[in-house]
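Inspection log for the structure reproduced underneath, given as structure tokens.
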Amino acid sequence: APFQHIKLLHVSRLACQTYSVCMARSFHTALPGLLCFLHQAHGAARHSVQHGSTLNLEAGPVTSIKPASISAGVPTPILLYGETSANDFAGFFADCKNVTPTTQVKAGINEYTEFTVEKVAKNLRLCYRKAGTTEVTEIPHVGLTTVEPTRKEMVQDFNPKEVQRSRDIRIKITTGETDLAGSHAIFIPVSQSCSAAVPSTKLDFNGVGKFSIMDRPGTYKLCYQDRDGSDSVEQIGPEVLTVTASDVTPPDLIESIFPISTSVNVLTTIYLHGAAPGDTAFFVNSLTGSCNSSTAAKKDVTIGHNQFLIPSSGTYTLCYQMFDTFEAVAQTNVFLTVKYGVTPDMLDRWPTHYRKEGTVVCSSLKQIPYCSSASINTCDKSFAIMTGVGLRCKWYTVTQDGPPFCGDADINDKSNICV
């Protein structure tokens with residue numbers, strides 16, 4: 001059937017917001033009066049009021065965007081939810097009359113496209129031109145707000161000024177404003193550029209944020225992003241942050257490993273989520289071993305992984321040592337199961353429905369242990385091996401629950417899978 005769940009009502013214009021037509025392509029009716037519909041396909045929706053006897057419906061390519069607010073004049077990746085095609089063009093304008101979108105969108109499902117909007121404005125409309133046409137249409141219910149860029153003298157001070165290298169560092173940032181909720185910040189080595197960093201720590205009302213600083217000890221500068229913005233601006237007001245060596249490796253530093261099982265005396269590449277340059281790791285039997293008394297060789301995990309060989313069966317604990325600490329610490333979140341021979345659960349890591357040909361030439365990309373280890377500048381140029389499949393990485397923008405991040409692209413889309 002060309003459509004499902006259609007409701008036809010002889011109602012006022014205001015009632016048009018409450019009824020829907022799903023999966024509709026075209027529909028002809030002889031009913032008089034007003035015909036109201038909400039068209040949904042590929043996640044895109046469009047309300048309309050039609051007079052007369054014929055109503056032609058066409059799926060809109062985009063249903064929503066994220067983020068819905070960016071900094072004016074700053075190139076920003078915006079996620080277009082929906083299905084976009086090659087050679088489609090889009091842009092944000094006050095209205096879609098007599099405008100020409102010049103930004104070519106990235107083809108695919110729920111893909112990012114980088115936009116730059118020069119002026120500060122509210123409720124800009126998404127104007128869209130499909131490939132092979134000259135008609136520009138307005139995408140319904142999609143709006144964008146642009147705000148003033150972050151000032152480089154925005155931050156006046158922060159405390160404390162000296163911290164130990166760690167994942168959980170609470171720092172209070174002070175500006176001339178009383179409410180800093182929604183602002184973001186990040187500390188990076190003074191040798192790096194704020195323009196390449198993403199302020200990922202969200203501040204609360206009082207300007208307090210929980211920072212993760214896992215790079216080497218040294219001096220760090222502050223990059224700041226004002227509320228509802230998308231930029232990253234080095235602050236010239238406050239002093240630098242001094243990061244010192246850690247006293248001890250946190251027991252929850254490594255969040256996960258892959259694979260989580262292997263065979264006795266089989267050299268296995270194991271990926272550690274949370275590993276940092278210069279750190280080392282090894283495994284001990286959870287019942288008979290100890291991280292402090294083990295004679296196991298420590299493996300360097302600078303690149304996020306290394307090869308391990310376990311000589312006997314059992315459950316093994318990961319012992320991890322940050323480069324600037326004196327001893328390895330048992331990690332409480334991860335364990336490795338070691339068995340004799342090959343077991344079905346080892347083979348089942350790669351379900352048959354994941355084995356499909358892709359279209360991405362991954363030789364042109366950089367392989368990394370986990371997509372989450374990539375920055376905004378390297379994410380789309382990287383891929384990782386996940387569940388036996390080479391999968392392209394994808395940058396996901398800010399959500400209500402956290403900062404932007406690099407993650408795995410949709411494994412059901414062949415355009416994300418390595419050839």
| request: Identify, by number, the condition in (1) closer than 25 Å to Thr76 by Cβ; (2) out of contact with any Cys (no Cβ under 8 Å at 6 or more places or on another chain); (3) open to solvent by 40 Å² or more (accessible area, probe 1.4 Å) that Glu138 doesn't meet. | output: (2)
| task | Specify the residue that is modelled with the highest pLDDT; the eligible residues are those in the stretch 403-412 that are over 12 Å from Ser372 (Cβ atoms) and open to solvent by 20 Å² or more (accessible area, probe 1.4 Å). | result | Asp410
| query | Does the stretch 110-120 contain at least one residue that is within 30 Å of Phe211 (Cβ to Cβ), among the aromatic types (Phe, Trp, Tyr), in contact (Cβ under 8 Å) with a residue 60 or more places away in the chain and touching a strand residue (DSSP E or B) at 6+ places or on another chain (Cβ under 6 Å)? | reply | yes
| field | In the stretch 356-395, the residues that are charged (D, E, K, R) and modelled with pLDDT of 80 or more | value | Lys366, Asp380, Lys381, Arg392, Lys394
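Where residues in the stretch 125-141 are without any contact (Cβ under 8 Å) to a residue 40 or more places away in the chain and assigned to a strand (DSSP E or B), which of them is nearest to Gln104 (Cα to Cα)?
Ranking the qualifying residues of the stretch 125-141, first place goes to Cys127.
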| task | Could you tell me whether Ser191 is without any contact (Cβ under 8 Å) to a residue 40 or more places away in the chain, under 30 Å from Asp88 (Cα atoms) and of a type in the set (S, T, N, Q)? | result | no
| So Thr63 clears everything in (1) over 30 Å from Lys221 (Cβ atoms); (2) open to solvent by less than 10 Å² (accessible area, probe 1.4 Å) except one condition, right? Which one? | (2)
| Just for strands (runs of 3 or more DSSP E) wholly inside the stretch 184-247: which have at least 1 residues that are among the charged types (D, E, K, R) and open to solvent by 50 Å² or more (accessible area, probe 1.4 Å)? | 208-213
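Asp226: within 30 Å of Ser71 (Cβ to Cβ) and in contact with a His (Cβ under 9 Å, 6 or more places away or on another chain), yes or no?
Considered against the rule, which asks whether it is within 30 Å of Ser71 (Cβ to Cβ) and in contact with a His (Cβ under 9 Å, 6 or more places away or on another chain), Asp226 comes out as yes.
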| remark: Conditions (1) open to solvent by less than 50 Å² (accessible area, probe 1.4 Å); (2) touching a residue at least 60 places away in the same chain (Cβ under 8 Å); (3) not small (Gly, Ala, Ser) -> Glu162 fails only (1)
| Checking Thr337 against (1) over 30 Å from Ser415 (Cα atoms); (2) modelled with pLDDT under 75, which test does it fail? | (2)
| request: Can you work out which of the residues in the stretch 312-328 that are open to solvent by less than 30 Å² (accessible area, probe 1.4 Å) and outside any loop (DSSP other than H, G, I, E, B) is farthest from Tyr271 (Cα to Cα)? | output: Gly314
| Out of the residues in the stretch 267-311 that are charged (D, E, K, R) and assigned to a loop (DSSP other than H, G, I, E, B), which is farthest from Gly341 (Cα to Cα)? | Asp279
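Pick from the stretch 93-124 the residues that are of a type in the set (Asp, Glu) and assigned to a loop (DSSP other than H, G, I, E, B): which of them is most open to solvent (accessible area, probe 1.4 Å)? Give the derivation first.
First, pick out the residues of the stretch 93-124 that are of a type in the set (Asp, Glu): 95, 111, 114, 118.
From what's left, assigned to a loop (DSSP other than H, G, I, E, B): 95, 118.
Numbers: Asp95: 74, Glu118: 133 Å².
Only one residue tops the list, namely Glu118.
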| query | Would it be correct to say that Val233 is under 24 Å from Cys379 (Cβ atoms) and either in contact (Cβ under 8 Å) with a residue 24 or more places away in the chain or charged (D, E, K, R) (or both)? | reply | yes
| note | Matching residues in the stretch 159-207 (acidic (Asp, Glu) and closer than 16 Å to Glu239 by Cα) number 1
| Options Phe93, Phe89, Phe115: the member that is within 16 Å of Asp380 (Cβ to Cβ) and modelled with pLDDT of 95 or more | Phe115
| task | Kindly list the number of the only condition in (1) out of contact with any Ser or Thr (no Cβ under 6 Å at 6 or more places or on another chain); (2) within 30 Å of Phe187 (Cβ to Cβ); (3) open to solvent by less than 30 Å² (accessible area, probe 1.4 Å) that fails for Val155. | result | (1)
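The values are calculated or read from the model by the stated rules, or taken from the named source; none is laboratory data. Note that this is a predicted model, so its numbers are computed, not measured. Virtual Cβ from ideal backbone geometry, glycine too; neighbours counted across all protein chains shown. In case anyone asks, the SASA skips ligands and DNA or RNA and just uses the protein heavy atoms, side chains included. Shrake-Rupley method; radii C 1.70, N 1.55, O 1.52, S 1.80 Å.
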